[in-house]
1. Would you mind telling me the share, in percent, of accessible area of segment 44-121 contributed by carbon and sulfur at probe 1.4 angstrom?
2. If packing is taken as the average count of other Cβ atoms within 10 Å, what order do 77-85, 104-112 fall into, highest mean first?
3. Taking K and R as +1 and D and E as -1, what net charge do the other residues with C-beta under 14 Å from the C-beta of Thr68 add up to?
4. Taking each pair of different alpha-carbon atoms in segment 54-121 once, compute 1/r for the pair, average those values, and report the inverse of that mean as the Kirkwood hydrodynamic radius in Å to one decimal.
5. Residue-wise, which Karplus ³J(HN,Hα) couplings in Hz belong to segment 27-41, taking 6.51 cos²θ - 1.76 cosθ + 1.60, θ = phi - 60°, and x for glycine or proline?
6. What whole-number value in Å² describes the accessible area per residue of segment 59-121 for a 1.4 Å probe?
7. How much net charge surrounds Ile114 when only other residues with a Cβ under 14 Å from its Cβ are counted (Lys, Arg +1; Asp, Glu -1)?
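The values are calculated or read from the model by the stated rules, or taken from the named source; none is laboratory data. Nothing here was measured: the structure is a model prediction, and the numbers come from that model. Every residue, glycine among them, receives a Cβ derived from its backbone with ideal geometry; neighbour counts consider all protein chains shown. In case anyone asks, the SASA skips ligands and DNA or RNA and just uses the protein heavy atoms, side chains included. Shrake-Rupley method; radii C 1.70, N 1.55, O 1.52, S 1.80 Å.
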Amino acid sequence: TTPSPSHTTSTPTSAPLPAPRLLAPADGETRDGRVTFSWQWSGPPLAPNQAFEVRMWLVNTTEHNGLTGPVRGTSVEVDLSPVKSGDYLWTVAVIEVNPYRRTGPEAPPHALHINEIVVVP
């Protein structure tokens with residue numbers, strides 16, 4: 001008789017990536033000026049053509065636009081001074097850099113209220 005393996009495991013060639021976990025700014029914070037966006041990544045090391053993309057959009061709109069260029073680390077500082085005040089959502093996702101392609105799932109978004117900085121002459 002031929003021994004049969006008790007179980008076989010198959011490894012997919014490309015496992016689905018997990019979504020990053022947002023850390024800061026915390027859900028519901030009010031911020032202005034320079035803000036550090038940070039997240040936790042539990043997935044595999046990013047390939048050379050992969051990066052994170054921080055996205056921010058006004059509440060009740062559908063376009064999730066990139067707030068920064070591709071980010072290789074798990075945090076980035078952004079100057080929100082030029083951003084119009086209002087209620088926004090932000091998230092992070094994994095992208096392919098060149099050619100640009102959205103590949104990984106977005107983290108569940110956090111709410112962010114931005115206070116416009118008014119420069120007093």
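1. Working: 2540 of 4500 Å².
Percent of accessible area from carbon and sulfur atoms in segment 44-121: 56.
2. Working: 77-85: 13.7, 104-112: 18.0.
So the order, starting with the most tightly packed, is 104-112, 77-85.
3. Details: positive: Arg34, Arg55, Arg72; negative: Glu53, Glu77, Asp79.
Summing Lys and Arg as +1 and Asp and Glu as -1 gives 0.
4. Values: mean 1/r = 0.0751 Å⁻¹.
Answer for segment 54-121: a Kirkwood hydrodynamic radius of 13.3 Å.
5. Ordered by residue, 3J(HN,Hα) equals 4, x, 5, 10, 9, 7, x, 7, 10, 9, 8, 9, 8, 10, 10 Hz.
6. Values: 3870 Å² over 63 residues.
Result: 62 Å² of accessible area for each residue.
7. -2
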